[in-house]
Amino acid sequence: MTYPDLLFVPYQDTLDLLGVEDAMLVCEEVYRMLERGTVVHSKPPSFKLDVAEGFDNHWHVKAALLKEIPTTGVRMYNYFDNGVRNTVGALECARYVFLSDPHTGQGLAMVDEHWTYGIRSAAASTLACKWLAPARPRVLGLVGIGAMGTNALRCLASL
């Protein structure tokens, strides 16, 4: 594989490639990997570059190695916030995951993470309902706004 072979997965494609049920299954499997100790996190676990004065620009970066797949991923998220305009979660902000082969360092893919982040975050927290809630609950309290609340409902409906 050479650099031009790096796969770019745009936002629209992620909607077709990752469904709610798939996100739930992936999150469950990653929880199992964490329990088996086969996930390696970066040290420090994340870093931030927040440059407010004159730029109002913010970068948040995290990385991990999933030994069982194997793949290394780096999540990079950039947004603008000047107190009036805030692009957190907006499609116009940069939010990407870079995947590479940990045996060679070769880049595999660059994935627009707007959908995958949102559905993964909701799936990861909703899984507690699958394993810890009563068998036939009659009432559910959901605290969430915007995409997180909507995605949590999507995940709950898939249960």
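Brief remarks on what is shown
- D_trans [Stokes-Einstein, Kirkwood Rh over alpha-carbon pairs] for the chain, 10 °C, 1.306 mPa s, µm² s⁻¹: 91 µm²/s
- With the simple spin-label model, which puts each label point 7 Å out from Cα in the Cβ direction, the Glu21 to Leu49 separation comes to 4.2 nm.
- Principal axis dimensions, region 1-74 - Cα atoms, whole angstrom, descending: 43, 31, 31
- GNM result for the chain, Cα springs below 10 Å: residue of Ala64, Ala147, Ala52 fluctuating most strongly: Ala52
- Among Val111, Val20, Val51, the largest mean-square fluctuation in a Gaussian network model of the chain, built with springs joining Cα atoms closer than 10 Å, belongs to Val51.
- Among the GluC sites (Glu not before Pro) within region 1-79, those in coil by DSSP and having at most 15 neighbouring Cβ atoms inside 10 Å are Glu53, Glu68.
- Summing charges over all other residues whose Cβ lies under 14 Å from the Cβ of Thr71, with Lys and Arg as +1 and Asp and Glu as -1, gives -1.
- Residues considered: Val40, Val26, Val84. Largest GNM mean-square fluctuation over the chain, using C-alpha springs under 10 Å, is found at Val84.
- For Lys48, the lysines whose Cα falls under 30 Å of its own Cα, not counting residues fewer than eight places away in the same chain, are Lys62, Lys67.
We did not get these values from a lab; they are worked out from the coordinates using the rules stated. Here the structure is a predicted model, which means the values were calculated and not measured. With ideal geometry, Cβ positions are generated from the backbone for all residues, glycine too; neighbour counts draw on all protein chains shown.
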